[in-house]
Each structure stands twice: as C-alpha cells, then as structure tokens.
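The values are calculated or read from the model by the stated rules, or taken from the named source; none is laboratory data. Just so you know, these numbers come straight off a predicted model, no measurement behind them. All Cβ positions, even for glycine, are placed from backbone atoms using ideal geometry, and neighbour counts span all protein chains on display. Only protein heavy atoms, including side chains, enter the accessible area calculation; ligands, DNA and RNA are left aside. Shrake-Rupley method; radii C 1.70, N 1.55, O 1.52, S 1.80 Å.
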Amino acid sequence: MTKRFKHIYFELTNICDRKCSFCPEVKREKLFMPYDDAEKFLVQSAEISEAVYFHLQGEPLLHPDFEKITTFAKKIGLILKLTTNASHLQKYSEYLLEGNFFQINFSIQSLNEVSNDERLRVLDDIANFTRKALQKCPDMYINFRWWQNSPPDVEFFAQKFNIPTEKWLPYSGRHSVNITGRLYSTFDRQFVWPSSDADKRTDGTCGSCRGLLDHCGILCDGRVVPCCLDHEGFLTLGDLHSGNLSDILNSPRAAAIADGFKNNKRIETLCQNCNFAQRFNRK
C-alpha cells in the first residue's frame with residue numbers, strides 16, 4: 001500500500017557541534033529527543049510514511065541513543081536516510097556499514113568554517129567510509145553535498161578515489177552527478193532559511209512547495225511542522241505529546257497549506273518568505 005508521505009524529517013536533536021554561517025541559530029531549548037518519545041513518534045511515522053529522514057537542525061550522530069533509535073526505526077519497516085556533518089562518523093562507521101541505511105548525505109559545506117586540521121580529519125573519515133561502503137553496501141546511496149558558491153574539496157576526493165576532478169563537477173543544467181556506483185556529488189544553491197519576521201517576498205502568495213505534499217517534519221520536542229525548513233516551529237501544526245500524527249496532519253490548517261501548494265499558492269507568511277521555495281515556483 002502506498003504511504004501518504006515519501007519521508008518524514010525526524011529531528012533527533014537540535015544540538016550541533018558546528019556553527020555554520022548558513023544555518024540559523026537555534027533559539028529553542030537545546031535537547032535530545034528522549035528514546036521513549038522517539039519510539040512512539042516513529043511508530044506513528046511508519047503508519048503514513050515510507051521513510052524517515054534523520055535531519056532538520058542539529059547533528060543526529062550526537063544523540064546518545066542514535067544507534068538504538070535508528071535500529072528500532074528499521075525494525076518497524078521504515079527506510080532510513082541520514083544527513084550528517086560527519087564530525088562523529090568514525091564512531092558510528094561500522095554500524096552505518098551494516099547496510100541498514102538507504103541514503104547518507106555528507107554536508108561537506110559545513111567544513112568551510114572549521115580549522116584545516118579538523119577539515120582534513122573529517123574529509124579523510126568520509127573518504128575511508130565511502131570506500132568501504134561502495135564495497136560492503138553497494139545499494140546505499142551516498143551524497144557529497146557542497147554549495148555552488150563555495151570552493152569544494154574536489155581535488156582531495158579526486159586523489160583519494162583516483163577519479164579525475166572533472167568527473168566530480170556537474171555538467172550544464174545539472175546540479176548532481178554520479179561518480180561511481182551510488183556515490184553522487186551534489187552542488188546546490190545556498191538559500192536563506194525562512195524567518196517569521198522577514199519581509200514578504202515581492203511575488204506575494206504565488207508559489208508551491210513539497211511540504212505536506214510528500215513530507216513533513218517532527219522537531220525534537222515533539223512538535224509537527226510542515227517542512228524541513230521550519231527550524232523554530234513557526235508553523236507548528238500540533239504536538240505529538242498531546243495528539244496523533246495523522247490527526248494533526250489532517251487538521252484544517254495543515255489541509256489549507258497543502259491545498260494551497262497544490263494550487264501554486266503559499267498561504268502562510270512564513271512560506272511567502274521562504275527563499276528555498278523559489279525552486280518550486282510555477283509561473
């Protein structure tokens with residue numbers, strides 16, 4: 001049976017060990033999602049979604065129960081996806097190589113603002129992990145993510161994998177390129193995270209989004225949000241401590257947001273302020 005959502009963005013923690021300039025400062029209470037909450041929220045997620053994406057704000061690998069939570073998610077039938085800055089990759093390398101994850105994204109753009117020693121350490125960890133993954137987990141997708149306007153460490157990986165530099169760079173009209181097996185190099189445009197106090201965009205309410213059409217987000221405090229960019233819960237639709245996920249997503253506000261996107265309308269001010277939504281605009 002086809003599930004309602006492609007995936008649910010699941011924020012294990014809003015705590016991160018990086019302070020990247022492209023990420024907004026977390027103003028919420030810093031916390032790790034308790035294991036009991038994670039288990040309960042994942043069961044509800046599995047009822048309506050094919051996959052769970054451990055990503056929103058914070059670094060998932062910092063969660064003390066990361067392995068326990070993700071093992072449970074896999075056990076109840078969820079497809080596992082992860083976005084990480086790889087700072088703690090070595091600690092979980094063997095676990096991640098067991099083959100339970102469908103996709104792992106490495107945020108290499110986060111290394112633009114760390115010391116050179118730290119940058120080289122993490123790049124080496126990523127290269128070593130990826131080399132093993134290509135052999136042990138050939139069905140797992142691995143994404144190296146960079147910003148288009150940042151100098152990537154392409155030369156480093158070109159040498160590590162003995163694959164020419166030009167093979168790592170996207171060709172005209174594409175932002176992602178297949179390197180080998182299921183390893184991809186992705187260069188995306190940097191965007192501005194939406195803010196509730198931002199001025200309205202000049203194009204007004206016109207525009208669409210995938211939020212509530214093929215995904216939603218669950219913050220580490222249990223609040224449900226329409227998409228992966230609602231980092232402060234500005235558009236909180238409900239709280240899983242007091243409501244059911246399906247009921248929350250069927251609420252009048254959630255339905256209105258989704259219907260608006262289907263009709264190329266952004267009805268919420270936050271959505272109208274969203275720079276990322278430009279890529280979904282239909283004129």
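A few points about this structure:
- Any hit, region 121-129, residues being of a type in the set (Gly, Ala, Ser) and closer than 23 Å to residue 74 by Cβ: no
- For the condition within 21 Å of residue 17 (Cα to Cα) and under 15 Å from the mean Cα position of the chain (by Cα), residue 109 qualifies.
- Residue 255 among the small types (Gly, Ala, Ser), at pLDDT 95 or above and surrounded by fewer than 21 Cβ atoms within 10 Å (Cβ to Cβ): yes
- Count of residues meeting criterion [within 23 Å of residue 7 (Cα to Cα) and of a type in the set (Asp, Glu)] in region 25-43: 3
- Selection count where residues are buried (at least 22 other Cβ atoms within 10 Å of the Cβ) and closer than 12 Å to residue 96 by Cα, scope region 67-79: 1
- Total residues in region 143-169 satisfying the condition of being β-branched (Val, Ile, Thr) and either touching a residue at least 40 places away in the same chain (Cβ under 8 Å) or part of a helix (DSSP H, G or I) (or both): the figure is 2.
- Residue tally, condition aliphatic (A, V, I, L, M) and under 16 Å from residue 57 (Cα atoms), over region 75-103: 2
- Of 68, 27, 40, 74, all but one fail to be at pLDDT below 95 and not hydrophobic (A, V, I, L, M, F, W, C); the exception is 27.
- Search result, residues across region 10-36 that are among the acidic types (Asp, Glu), open to solvent by 30 Å² or more (accessible area, probe 1.4 Å) and touching a residue at least 40 places away in the same chain (Cβ under 8 Å): 17, 29
- In region 38-57, the qualifying residues are those that are of a type in the set (Asp, Glu) and closer than 19 Å to residue 241 by Cα, and the one that is most open to solvent (accessible area, probe 1.4 Å) is 47.
- Only a single item in (1) assigned to a strand (DSSP E or B); (2) touching an Asp or Glu at 6+ places or on another chain (Cβ under 8 Å) is not met by residue 216, and it is number (2).
- Single residue of 144, 156 found to be open to solvent by less than 50 Å² (accessible area, probe 1.4 Å) and over 26 Å from residue 80 (Cα atoms): 156
- Candidate set: region 185-212, residues that are surrounded by fewer than 19 Cβ atoms within 10 Å (Cβ to Cβ) and at pLDDT 90 or above; chosen: the one nearest to residue 8 (Cα to Cα): 210
Every residue, every condition in (1) in contact with a Cys (Cβ under 9 Å, 6 or more places away or on another chain); (2) open to solvent by 40 Å² or more (accessible area, probe 1.4 Å); (3) within 22 Å of residue 65 (Cα to Cα), yes or no:
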| position | (1), (2), (3) |
| --- | --- |
| 81 | no, no, yes |
| 85 | yes, no, yes |
| 89 | no, no, yes |
| 94 | no, yes, yes |
| 98 | yes, yes, yes |
| 104 | no, no, yes |
| 111 | no, no, no |
| 119 | no, yes, no |
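- Only a single item in (1) farther than 19 Å from residue 4 by Cβ; (2) surrounded by fewer than 21 Cβ atoms within 10 Å (Cβ to Cβ) is not met by residue 220, and it is number (2).
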